[in-house]
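The values are calculated or read from the model by the stated rules, or taken from the named source; none is laboratory data. Since we're looking at a predicted model, the values are computed, not measured. Note that each Cβ is placed from the backbone with ideal geometry, even for glycine, and that neighbours are counted across all protein chains shown.
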């Protein structure tokens, strides 16, 4: 090949892209623009985490340590992993292989299982803090399991709103810590519901393991029905005379007078038996207990079913009364716990439900105080 052919071959080896890719490292590096190399390095390097990611990692690390407050960390120390994950500095005790035990009084997620999402646990803790007045924070059992723990940051106040006196003093030491038998009305502040409903009723309900049953007052329709049956039995002739004349004449043509009177008496007995039997069933089918550590509901006479909620887990409780129930002083007390969609225990037709609510609040406060003393 002549001189001209060698020149063309040399030009192809330095200009053709495919040829450059197959060439020597020196020829390939010569074709790279030096000014573009730093920009590619910057693109390959992951961007630094934003402040929200760092804060979330701080909170997660605090949950793994078992502390409500995150520790100050050095951004250059590489403590935090990407995407808010835990780093190599997580405690050995908070691992997936050896998760920590569930603390006493901790609140778990739906179904009683620990939360698996840290963000969902934080959201639930914020909701409970706003709802109960106590400070709730996330405690990690492992890097992927979380529960909620109540912290004694804000003192709990009863829903009656009468703990603080006008002069700024607190009445907590007066009626919260005194023995039940030594309580007097003067120990309670003005406006407390005990002044309205009576101290004796409060003491009776506040006894340990007191059993609540549906109030007889709530069964007044059944007692009215039983009374009507009694009137049928006691005054059969008067009942017959209250019927239209055509109906009485037709009955007398079909039955003799003695048989007709006896039939009315039997109808009265049946009506009274239905009313009293239904009242007996309603009275003994449901039972409710305010135990030392939990509230319990039982239903059934032969086969029984029970539901329990720890006082620390009760987040909602509502009293429902219709106009007649308010006059006769009975009503329903509905309780729900964290992680539930509706009421888990419905204490139906309780006598003086407002006093039962006060006893429930005192038990809840007692459980919180016991949990704080253990911490």
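Of note:
- Count of residues meeting criterion [in a helix (DSSP H, G or I), modelled with pLDDT under 75 and surrounded by 15 or more Cβ atoms within 10 Å (Cβ to Cβ)] in region 173-191: 2
- Residue within region 340-352 that is over 27 Å from residue 222 (Cβ atoms) and in contact with a strand residue (DSSP E or B) (Cβ under 8 Å, 6 or more places away or on another chain) present: yes
- Take the conditions (1) out of contact with any strand residue (DSSP E or B) (no Cβ under 7 Å at 6 or more places or on another chain); (2) exposed (fewer than 14 other Cβ atoms within 10 Å of the Cβ); residue 248 misses just one of them, which is (2).
- Any chance residue 194 is over 20 Å from residue 347 (Cα atoms), outside the structural domain of residue 291 (by TED's automatic domain parsing), modelled with pLDDT of 75 or more and surrounded by 15 or more Cβ atoms within 10 Å (Cβ to Cβ): yes
- The one condition from (1) part of a loop (DSSP other than H, G, I, E, B); (2) in contact with a strand residue (DSSP E or B) (Cβ under 9 Å, 6 or more places away or on another chain) that residue 204 does not meet is (1).
- On the stretch given as region 301-326, residues that are loosely packed, with under 15 Cβ neighbours inside 10 Å and assigned to a helix (DSSP H, G or I) total 3.
- Test result for residue 279, under 20 Å from residue 223 (Cβ atoms), touching a strand residue (DSSP E or B) at 6+ places or on another chain (Cβ under 7 Å) and in contact (Cβ under 8 Å) with a residue 12 or more places away in the chain: no
- Residue 295 surrounded by 13 or more Cβ atoms within 10 Å (Cβ to Cβ), at pLDDT below 95 and farther than 30 Å from residue 128 by Cα: no
- The one condition in (1) at pLDDT below 90; (2) surrounded by fewer than 16 Cβ atoms within 10 Å (Cβ to Cβ); (3) assigned to a helix (DSSP H, G or I) that residue 261 fails to fulfil: (1)
- With respect to (1) at pLDDT 90 or above; (2) not in a helix (DSSP H, G or I), the lone exception for residue 240 is condition (2).
- Members of region 277-294 that are part of a helix (DSSP H, G or I) and within 30 Å of the chain's Cα centre (by Cα): 282, 283, 284, 285
- Which numbered condition residue 100 misses (of (1) assigned to a loop (DSSP other than H, G, I, E, B); (2) at pLDDT below 70): (2)
- Residue 329 passes every criterion in (1) under 21 Å from residue 205 (Cβ atoms); (2) at pLDDT 95 or above apart from (2).
- Qualifying residue in region 327-336 (condition: loosely packed, with under 14 Cβ neighbours inside 10 Å and out of contact with any helix residue (DSSP H, G or I) (no Cβ under 6 Å at 6 or more places or on another chain)): yes
- Screening residue 233 with (1) surrounded by 17 or more Cβ atoms within 10 Å (Cβ to Cβ); (2) modelled with pLDDT under 90; (3) farther than 30 Å from residue 106 by Cα gives one miss only, at (2).
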